[in-house]
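Every read-out reported here was derived from the displayed coordinates using simple, explicitly stated rules and does not represent laboratory data. Computed from a predicted structure; not experimentally measured. Every residue, glycine among them, receives a Cβ derived from its backbone with ideal geometry; neighbour counts consider all protein chains shown.
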Amino acid sequence: MTPDSTQRPQDNPRIPPRPLKAQEASINAFSLGSLTLPLAPLHAAIAVAVLLALGAGRAGRPRLLGRAALAIACGLLIRALMPALDDQLGDWLAVLAALGVLVPSSLHRRATRRRKARELLALALALAIWHLLEYNAPLAPRLPERLALPPLERLDGTLRHASPPPGSSYPARPLLLVLWRSDCAPCLAQLARLAAEPIPATAVETLLVNQGESLLANLRALGAHRDGAWRDPGQRLQAAAGTPGLPLTILLDRDGQVLEWHLGVFGSREWRRWRTRLPEGAMQ
């Protein structure tokens, strides 16, 4: 998933001169069969399970669960009230708000010092596990570092040839691939997001690549908005990416190097953040 450190930025001034760090990967979902599920609630559920398992006995767990639910609700409220914040800063403010509910209640509850210490230690461990899951995404799928384009079909039946070999003559613009299907509601939401906030065609070539559906299904889903629409009837591109989940958005350089990718539908805030991490000059 992370680009190779031998990236040649001089070949394309829009490609950043450094590889993306692992924590910069835009991963907010994972695949369960053909179903794409958000990662953040799963990470929170695992952290709460750790807190309940280690922080209280069986009799005290319902009360601790209620306090944890209240803390999470406060964190989500803080996050919702500050949508313009950087994601990482906003997430930590939400965490601090949640801790502001849990820690005082742990300290002031009627219990022995030993029980209070147990609960606080469990809370610290749950927070550490949440941080590990949220910023390293070990449960998320992984894409190959390079992705070769198979031949694709336009809606009028003409073909786009497969990716040329590295070093050959090829347009300097990066490729933005959006893999989708018409029977996938998040995919249609993703297409609507791209239509509402498009990337300039002079900077990035956008390919909306339908996976495995008929021409009629494409025409019905796209209506009059067919710019950049392509078909991959054999779903070879999705197979090459190695994930059954959709929608899948991938940014490639001219040699097929994966610069960035995102599984799942973009929220407005996520899409704005992701656009700022596109190659330098792509948003000019």
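Using only Cα atoms, what is the ratio of the radius of gyration of the stretch 185-261 to 2.2 N^0.38 Å?
1.10
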Tell me the label-point distance for the pair R272, R110, using the 7 Å Cα-to-Cβ offset, in nm and rounded to one decimal. 4.9 nm
In 5 Å bins starting at zero, report the fraction of Cα pairs in the stretch 183-229 per bin as a rounded %. 5, 18, 34, 26, 11, 6, 0
Between A80 and A192, what's the calculated FRET efficiency when r is the beta-carbon distance and R0 is 30 Å? Round to 0.05. 0.90
